[in-house]
Amino acid sequence: MSSSSSPQIETDVLVVGAGPGGSTAAYHLARHGVDVTLLERATFPREKVCGDGLTPRAVVALRKMGIEPEDHPFERHHGLRIYSRKVTLELPWPTLEDFPGFGLTMTRGVFDELLARRAQRAGARLRERTEALEPVVDRGWVTGALVRDLERGEDAEIRARYVVVADGASSRFAGHVGVRRDPSKPIGIAARRYYRIDRHPGPWLEVWMDLWDGDSLLPGYGWLFPLPGGDVNLGAGLLNTFKNFSNVSAQRVFDAFWRMLPPEWNVTEDTADGRVLSGPLPMGMSRTPAAVPGMLVVGDAAGIVNPFNGEGIAYAMESAELAAELIHEALVRDRPGIAHLYPTILRERYEPYYRIGTTFVRAIGNPTVMRLLTDYGLPQEWLMRFLIRLMGNLSDGPRGDVRDKVMDTLVRLARAA
Ligand SMILES: Cc1cc2nc3c(=O)[nH]c(=O)nc-3n(C[C@H](O)[C@H](O)[C@H](O)COP(=O)(O)OP(=O)(O)OC[C@H]3O[C@@H](n4cnc5c(N)ncnc54)[C@H](O)[C@@H]3O)c2cc1C
């Protein structure tokens, strides 16, 4: 797959894609002094379709990159405000030792640039407007990538001891060496649009559990997240575990959602800022294998979005940090086997929990179960306080309180199953 006429560049680790996954991997490698090159086909700031919501889990990942929320223009929130036809419930993030009691929002245009520049300052070489075309493979081992400088239209080969693939949900790069989506795992689709409205809600992430199109319950959920500076991110999504998934588009769910909002919120064409954009959420570790010799796959490219809540940023960052630590160890000890422990550790860390998530979203995919949950489950505050932990994967583990112990037991049971 290599082109012998292309100029060659050498680096220890090549990271493909500078979203949260790629920038986190590049940062942790660079902070260890590893020579790392981070490729991004766009130029920062670049748009990314997302809800722009960061849970307490993502705050932990950010802090591990030396980014303190108070030093940057984030919007803070204290939990979720959940709406259904019957109830409105405010659910604060739990008080835990391992996680802060707040989350953040920031547009991905600003957020992703913040992370990429952080990696750059730590010593990573960031090459924007550079696209990785395909892996270079030598006797079954990925040894780099063929890349294109999109400014000059010139191709080159970058040789690396390891390649980290972080090219997002529509990842093509890893497909060249056999990474495939597992169709048995859930996938979501969601659409979002920005609005400039006077009513600035908060400090909550606002979530609608049931979306109605007239009298019919749609298989989806909606959100309105307040952003720094007064904009809001309005979005709606659905999962392929929902009945009628194939008959309903993200756009239709989005349209039904904004029609549902009270007129005084002023979410109209006049207050819209940009278009409705949509994208996929690959969930439950749905892309395998997560590594082939010489190459590790992180974030959405590995299908690692949490099926419970559609959160992908924290998991992209966590999987990237894990990949970076293992590669660093492998380089220092000159033992490639260490890097290839990545899929096993990834599975050990997330698979039992994601199995519970997958079972949960399959169950609520049935409209009767969903209606039971919204009508009878939502009003039960104790149940919802447990669910916010379970769905956000926020727990102090076995040393925590009774809710944490229940969650820990569930994960243990899933691991044993
Ligand atoms: C509508 C929607 C709402 C969402 N809301 C949330 C939310 O509120 N909170 C949350 O945590 N998650 C949310 N997610 C999920 C979240 O956006 C992703 O999980 C997250 O962006 C994954 O990060 P990543 O680094 O793996 O990939 P990405 O963020 O997709 O980054 C991949 C990067 O790689 C670059 N790239 C791609 N191909 C190449 C190539 N060949 N060469 C060079 N560069 C390349 C891209 O330009 C991009 O910059 C949402 C997703 C959608 C679709």
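Rule-based calculations on the coordinates, nothing more; no lab input. Owing to the predicted nature of the structure, the values given are computational and were not obtained by experimental measurement. Glycine also receives a Cβ, built like all others from the backbone with ideal geometry; neighbour counts cover every protein chain displayed.
Summary of values
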| quantity | calculated |
| --- | --- |
| For residue 171, net neighbour charge (Lys/Arg +1, Asp/Glu -1) across residues whose Cβ lies under 9 Å away | 0 |
| Formal net charge of residues neighbouring residue 52 (Cβ-Cβ distance under 10 Å; K, R +1; D, E -1) | +1 |
| Neighbour count of at most 15 Cβ within 10 Å plus DSSP loop: longest GluC sites (Glu not before Pro)-free window in the chain | 270-417 |
| Residue order, fewest to most beta carbons within 10 Å, for 105, 409 | 409, 105 |
| Radius of gyration and Dmax over the Cα atoms of segment 190-281, both given in Å | 12.8, 38 |
| Cβ-defined net charge surrounding residue 362, 14 Å radius [Lys, Arg +1; Asp, Glu -1] | +3 |
| Value of relative contact order over segment 29-164, rounded to a whole percent, pairs C-alpha under 8 Å and six or more apart | 29 percent |
| Antiparallel DSSP beta bridges within the chain, percent to nearest 5 | 70 percent |
| Residue-wise HN-Hα coupling along segment 168-185, computed from phi with Karplus coefficients 6.51, -1.76, 1.60 (Hz; x: Gly, Pro) | x, 5, 9, 2, 10, 3, 5, x, 5, 10, x, 7, 10, 7, 8, x, 7, 8 |
| At least 18 Å along the helix axis (C-alpha) and Kyte average at least -1.0, DSSP helices within the chain | 108-121, 313-333, 342-364, 402-416 |
| Relative contact order (%) - the chain, alpha-carbon pairs under 8 angstrom, separation at least six | 20 percent |
